[in-house]
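Here, each number is a calculation from the coordinates, and none is a lab measurement. The model shown is predicted, which means the values in this text are computed figures rather than measured ones. Reconstructed Cβ throughout: ideal geometry from the backbone, glycine too, with neighbour counts over all protein chains shown.
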Amino acid sequence: MDTRVALVSAPGWIGLETRELRPPGAGEAIVRVAECGLCGSDLKLYSGGHPKLQPPLRLGHEFHGTVEAADGLEPGRRGAVFPPIGCGACRNCRRGEPHICSAMTFVGGEHPGGLSDLVTVPAANLLPLDPAIPEDRRVFVEPLAVGVHAASRGTVQADEQVVIIGAGPIGLFTALALRHQGVERILLADIAANRLALARRLGAGETVDTSSVALADHVREALGEDGVDVAFDCVGGQETASGALGVTRNGGRAVLVGITPRDLRLDGVVLQRGERALIGVQMYTRDDFRTAMEMLAAGALPASETLTRRYPLDDVATAFADLEAGRRDVLKLVVEP
C-alpha cells in the first residue's frame, strides 16, 4: 500500500513524498494516523539544530491512530504510539526503561514518524488509547507524559516550592502533573503573556512575565531569599539551565527538561557548595503514558479551551513555518492526514 510522508530533506525544508509500505512483519503494526502534534523537539530536528539527529528525517512522535494491519493486533484498534525503542537486552530495557537505553532510537527520529497517512511501528509500542479521553484531547497524551515524567524525576513533595521556566506545552504539562501530585506552590515563568494567561486559566500556578522582571529577583521577593526547592528548565538553553540552578535553595534540585545544548556551562561552586542536585529528564516511561491518559480522561484540559491549531498534511510546510515563527496563541500545532 502507498502512503504520503512528510520528509525533511535538508535543514528547513519539508515536503510530501509518496512511499510504498510493505506488509507488516513479525511484531509490527501499520497505523493509520489520526493526528500528529508538533513540538520544540520537532523544530530542532527540522532546523538541523538537534544535537544528535540530522536530515533526512521523517518526523512526528506525538501521534495516535488505528491499526490498519498488524502481526497479532486486530485491525481498527485505537492506540497511542510510545516512541522510544530500546535494544531489549540491556539492564535499562530489562527494567522497563527503554527511553534511557544507550542504543535507544525513536519513532519520529531514526524511525519514520506520524507525519504521514500510514506508518509502521513496533506493535508493542502501540498502547491502548483510553476511550474516555475526549477526541480533541488525545493528541496531548505524549506531551503530557513528558510533564508527568519530569514531575516524577523532580521528586517534589507537596509542601515544596517550585519554579517552572517556560510556560509552553511541556512547562504547562509539568505544572499540571505536579498539581496532580498535590503540589500547590508553583510559579511559571515566561516572556509570552498569552502563555502565562493560559496557565492561569488552567489553574497551573502563579505566573511571572520575565520580559519585565528578572526571575531571580521575583523569586526572592515572592518566594523567599533562600530560593525554591525545585526549578524545572522546560526551555532547554544555556541561560535557562543556569537560571534554574540559580533560583534553587541550598539543597535544592534543578531539573533539565528541555533539550539542552551539548556544551553546557554552569556555576560549579553554586552546584557543589550548595549541595544542589542537577537532574536530567529523557522522554518518559509507559507508566507515564498511562498516567497522562488517566489525567486527560479525568478532564485535566477543560473542554472550554481551544488549545490547537490544525493543518492538513498537504500544508505541513506551513505548520512548520508557524512553529518556527513561534506562534503562541494556541498550545499545540496539529497536523491531520
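What's the local net charge at residue 291, with K and R +1, D and E -1, over the other residues with C-beta under 14 Å away?
-1
Tell me the label only: which of [x] 167; [y] 196; [z] 128 is volume of the Cα convex hull per residue in Å³ as calculated from this structure?
For volume of the Cα convex hull per residue in Å³, the calculated option is [z].
What do the square roots of 5 times the Cα gyration tensor eigenvalues come to for the range 50-195, in whole Å, largest first, as semi-axes of the equivalent ellipsoid?
Value: 29, 19, 17 Å, ordered largest first.
What is the helix-to-structure angle for 169-180, meaning the angle in degrees between its Cα long axis and the longest Cα principal axis of the chain, kept from 0 to 90 and rounded to the nearest 10?
So the inclination is approximately 70 degrees.
Compute the distance from the alpha-carbon center of the range 102-165 to that of the range 278-327, in whole Å.
Between the Cα centres of the range 102-165 and the range 278-327 lies a distance of 9 Å.
Decide, for the range 93-153, between rounded, prolate and oblate: order the square roots of the alpha carbon gyration tensor eigenvalues as a ≥ b ≥ c, take rounded if a/c falls under 1.5, and otherwise choose prolate if a/b is larger than b/c, else oblate.
oblate
Can you tell me the orientation of helix 286-297 relative to the chain, as the angle in degrees between its alpha-carbon axis and the longest Cα principal axis, to the nearest 10?
80 degrees
Note down the magnitude of the dipole of the chain about its Cα centre, charges +1 on Lys and Arg C-beta and -1 on Asp and Glu C-beta and zero elsewhere, to the nearest 20 debye.
So the dipole magnitude of the chain works out to roughly 520 debye.
Shape verdict for the range 145-229, please, from the Cα gyration tensor: rounded (a/c under 1.5), prolate (a/b greater than b/c) or oblate.
Oblate is the answer for the range 145-229, as a/c is 1.5 or above yet b/c matches or exceeds a/b.
Residue 112: net charge of surrounding residues, Cβ under 10 Å, Lys/Arg +1, Asp/Glu -1, itself excluded?
Summing Lys/Arg as +1 and Asp/Glu as -1 gives +1.
Please say if the range 183-230 is rounded, prolate or oblate, where rounded means a/c under 1.5 for a ≥ b ≥ c the square roots of the C-alpha gyration tensor eigenvalues, and otherwise the choice is prolate for a/b larger than b/c and oblate otherwise?
Oblate.
Can you find, among 88, 66, 51, the residue sitting farthest towards the positive end of the charge dipole of the range 31-93, where Lys and Arg contribute +1 and Asp and Glu -1 at Cβ?
Of the listed residues, the answer is 51.
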